[in-house]
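Visitor: Got a structure for you, questions after.
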Amino acid sequence: MELKKIWAMYFSPTGGTEKVVRGTAEALAAKLGLPVEVYDFTLPGARETDAVFGEGDLVVCGTPVIAGRVPNVLLPYLTGKVKGNGALAVPMVSFGNRNFDDALIELRNILEEDGFKTVAGGAFISEHSFSKTLAAGRPDEKDMAIVKEFGEAIAEKLQSGWEYTAPAYVKGCDPIRPYFKPQDRNGEHIDIRKVKPKVSDACCGCGLCAEVCPMGSISRENVKEYVGICIKCCACVKKCPTGARYYDDPGYIYHKEELEELYARRAEPEWFV
């Protein structure tokens, strides 16, 4: 197959996934002398139409990890509107320093079922959506050097005469394991699925939170009102210019603090070519 274009395709509410996907695509494209095009499906409008690819395309496709899996809110889009038609693909996930569990192999399987031929896969670390200290500032300079190495290794594989025979090997269990469930120290499940941020008097009503919410769940007319689900991506929290959005749910706070305590070590990327 003669490649013609590299695509950087991602869902990235706070920017970490975007950074590693674009970095991989750009390193790959530079090595192969091909153009790069971006397909950002973070906001709801971008997921309303089909994403159609074909032979000659290589799509580096990335999502964050939520509860050890591909975010379930993306499954209808990824399984119903993304069409590979024989294009090559590189699944990538970014996780907040705990573990990527089965997210990478799940994304690989989805892309294969969509009609892509997977070449490689990678799991990289991004600052945890809940926290300002857990994997703070990542992906950092060291991570991005590994991203470049990953992209160049994929290019070298393709240049070596590689031909598709089976889905790319990546780490994970198949069948896919259940979603990770946070627990307290008594082993009781902490259910934060319906928890949403609160809004303090510091809110200036600028509306940025409504613009960046990947679920379109914040009212543009009244930014203190939620009109849909919250996936705890924390785009509205981290991007608020006045720091007006915050979580005060005890279960959420407990889980956040436990993650910060248990997973303070520096997790390292894993890639498979």
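The values are calculated or read from the model by the stated rules, or taken from the named source; none is laboratory data. What you see is a predicted model; the values in this text were computed from it and never measured. FYI the Cβ positions are ideal-geometry reconstructions off the backbone, even for glycines, and counts take in every protein chain you see. In case anyone asks, the SASA skips ligands and DNA or RNA and just uses the protein heavy atoms, side chains included. Shrake-Rupley method; radii C 1.70, N 1.55, O 1.52, S 1.80 Å.
Visitor: Could you quote the convex hull projected area for the chain, Cα atoms only and averaged over all directions, in nm²? Write down the numbers at each step before the final one.
Guide: Working: hull surface 57.7 nm².
Over all viewing directions, the chain projects a mean Cα-hull area of 14.4 nm².
Visitor: What residue among Glu211, Glu261, Glu152 shows peak mean-square fluctuation when the chain is described by a Gaussian network model with Cα springs under 10 Å?
Guide: Comparing Glu211, Glu261, Glu152 in a Gaussian network model of the chain, the most mobile one is Glu261.
Visitor: Sticking with this structure for a sec: Need the C-alpha centroid separation for the range 167-234 versus the range 33-83, integer Å.
Guide: 19 Å
Visitor: So who's got an amide H within less than 5 Å of the one on Ser94, skipping anything under 5 residues away but keeping other chains? H placed 1.01 Å off N, in plane.
Guide: Thr63, Val65, Phe124
Visitor: Leaving out ligands, DNA and RNA but keeping every protein chain, what accessible area does Ser160 have, in Å² rounded to the nearest 10, with a 1.4 Å probe?
Guide: Surface accessible to solvent at Ser160 totals approximately 90 Å².
Visitor: Starting from the range 239-273, pick out the trypsin sites (Lys or Arg not before Pro) whose DSSP state is loop and whose Cβ has at most 10 other Cβ atoms within 10 Å.
Guide: Numbers: sites: Lys239, Arg245, Lys256, Arg265, Arg266; in loops: Arg265, Arg266.
Sparse-neighbourhood loop trypsin sites (Lys or Arg not before Pro): Arg265.
Visitor: While we're looking at this one, here's another question. Please state the shape class of the range 1-154: rounded when a/c is under 1.5, otherwise prolate if a/b exceeds b/c and oblate if not, all from the C-alpha gyration tensor.
Guide: On the way: a/c = 1.77, a/b = 1.21, b/c = 1.46.
Oblate.
Visitor: Counting only heavy atoms of the protein chains, get the accessible area per residue of the chain (1.4 Å probe) and round it to a whole Å² value.
Guide: Values: 12680 Å² over 273 residues.
Heavy-atom accessible area per residue stands at 46 Å².
Visitor: Let me ask something else about it. If one computes the Cα centroid of the range 10-32 and of the range 137-155, what distance in Å separates the two points?
Guide: For the range 10-32 versus the range 137-155, the Cα centre distance is 9 Å.
Visitor: While we're on this one: Ranked from the most accessible area to the least, with a 1.4 Å probe and all protein chains present, what is the order of Thr24, Thr79? Kindly include the intermediate steps, with their values, before the conclusion.
Guide: Details: Thr24 0, Thr79 80 Å².
Highest to lowest solvent-accessible surface, that is Thr79, Thr24.
Visitor: Would you work out what percent of the accessible area of the range 91-174, with all protein chains in place, is carbon or sulfur (probe 1.4 Å)?
Guide: Values: 1580 of 3330 Å².
C and S atoms contribute 48 percent here.
Visitor: Taking a probe of 1.4 angstrom, what is the accessible area of Glu188 in Å², to the nearest 10?
Guide: Result for Glu188: roughly 110 Å² accessible.
Visitor: How do Thr14, Thr133, Thr118 rank by accessible surface area computed with a 1.4 Å probe, from largest to smallest? Walk me through the numbers on the way to the answer.
Guide: Details: Thr14 60, Thr133 100, Thr118 0 Å².
Sorted by accessible area, descending: Thr133, Thr14, Thr118.
Visitor: Quick one: divide the alpha-carbon radius of gyration of the range 65-121 by 2.2 N^0.38 Å and tell me what you get.
Guide: That ratio works out to 1.10.
Visitor: Roll a 1.4 Å probe over the protein heavy atoms and report the accessible area of Val65 in Å², nearest 10.
Guide: 30 Å²
Visitor: Taking the chain as the reference, fit the longest principal axis to its C-alpha atoms, fit the long axis of helix 103-113 to the helix C-alpha atoms, and give the angle between the two in degrees, 0 to 90, nearest 10.
Guide: Helix 103-113 sits roughly 50 degrees off the main axis of the chain.
Visitor: Moving on. Starting from the amide H of Val227, placed 1.01 Å from N in the peptide plane, find each other amide H under 5 Å away whose residue is 5 or more places distant or on another chain.
Guide: Ile218, Ser219
Visitor: Given 0.36 nm per residue, what is the gain on full extension from Ala264 to Asp201 after removing their alpha carbon distance, in nm? Intermediate results must be reported in sequence, preceding the final value.
Guide: Numbers: separation 63, 0.36 × 63 = 22.68 nm, distance 3.24 nm.
Length gained, Ala264 through Asp201: 19.4 nm.
Visitor: For the chain, what proportion of DSSP beta bridges, expressed in % and rounded to the nearest 5, is antiparallel? Write down the numbers at each step before the final one.
Guide: Values: 8 of 34 bridges.
Close to 25 percent.
Visitor: Next up: When the helices in the chain are scored as -39500 (n - 2.57) per DSSP H run of 4 or longer and the sum is shared across all residues, what 222 nm value do you end up with, to the nearest 500 deg cm²/dmol? Mind dumping the intermediate values first?
Guide: Details: 7 runs with 76 residues, N = 273.
When only DSSP H runs of four or more count, the value is -8500 deg cm²/dmol.
Visitor: Do any of Lys4/Lys83; Lys117/Lys171; Lys196/Lys238; Lys19/Lys81; Lys5/Lys157; Lys31/Lys148 go past 21 Å between their Cα atoms, and which? All intermediate terms of the calculation are to be shown ahead of the outcome.
Guide: Details: Lys4/Lys83 17 Å; Lys117/Lys171 17 Å; Lys196/Lys238 14 Å; Lys19/Lys81 24 Å; Lys5/Lys157 17 Å; Lys31/Lys148 10 Å.
Among Lys4/Lys83; Lys117/Lys171; Lys196/Lys238; Lys19/Lys81; Lys5/Lys157; Lys31/Lys148, the Cα-Cα distance tops 21 Å for Lys19/Lys81.
Visitor: Right, something else. For the chain, take the longest principal axis of its alpha carbons; what is the angle in degrees between that and the long axis of helix 16-32, to the nearest 10 within 0 to 90?
Guide: 10 degrees
Visitor: Once you keep just the Cα pairs under 8 angstrom separated by 6 or more residues, what percentage relative contact order results for the range 153-273? Walk me through the numbers before you get to the answer.
Guide: Working: 114 pairs, mean separation 34.7, N = 121.
In percent, rounded to a whole number, it is 29.
Visitor: Angle, helix 141-159 long axis vs. longest principal axis of the chain, Cα atoms, 0 to 90°, nearest 10?
Guide: 30 degrees
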